[in-house]
Amino acid sequence: MRKSCYKYTPPCEKISVAVLTELEQVQIRISNSGVEIPTEELPLIFDKFYRVRNGDRWKQGETGLGLALVKNLVKYLKGSIQVESRAMQTCFTINLPLNSAAYLKLC
């Protein structure tokens, strides 16, 4: 059985993570190949319980809360999150300020 963290990446495709830092922010980019989210569904994927139609090939039946939780955490940290999906590649970009007081509240 496939691990759930890989469930949206088909066999032989890749997940990549890149982290870039600047003086006042950090950018995290997570990409996976072999998957494309339909353009009309991109504005909805951060909604609680939303699931991309035909997106769960392995029928694991999860709740659709993961991206909603990520969006709320990024917002709490005074950051932003964007998603792009085209040419069988999906990329999430998270920008976080390095000087946010919200980090201290998490500890």
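The values are calculated or read from the model by the stated rules, or taken from the named source; none is laboratory data. Quick caveat, the model's predicted, so the values are computed rather than measured. Backbone-built Cβ (ideal geometry, glycine too); neighbour counts: all protein chains shown. These area figures cover heavy atoms from the full protein model, side chains too; ligands, DNA and RNA do not enter into them. Shrake-Rupley method; radii C 1.70, N 1.55, O 1.52, S 1.80 Å.
Could you tell me which numbered condition Thr9 fails, if it satisfies all but one of (1) surrounded by fewer than 16 Cβ atoms within 10 Å (Cβ to Cβ); (2) of a type in the set (Val, Ile, Thr); (3) modelled with pLDDT under 90?
(1)
Taking Val74 as the residue in question, decide whether it is under 15 Å from the mean Cα position of the chain (by Cα), open to solvent by less than 80 Å² (accessible area, probe 1.4 Å) and at pLDDT 85 or above.
Criteria met by Val74.
Filtering the range 28-62 down to residues that are open to solvent by 80 Å² or more (accessible area, probe 1.4 Å), assigned to a loop (DSSP other than H, G, I, E, B) and more than 25 Å from Lys14 (Cβ to Cβ), which residue is modelled with the highest pLDDT?
Lys48
Need pairs with beta-carbon distance below 6 Å; first residue within 21 Å of Pro11 (Cβ to Cβ) and within the range 73-98, second open to solvent by less than 30 Å² (accessible area, probe 1.4 Å) and of a type outside the set (Val, Ile, Thr); sequence gap 6+ or separate chains.
Met88/Gly34; Gln89/Ser33; Thr90/Asn32; Cys91/Ser31
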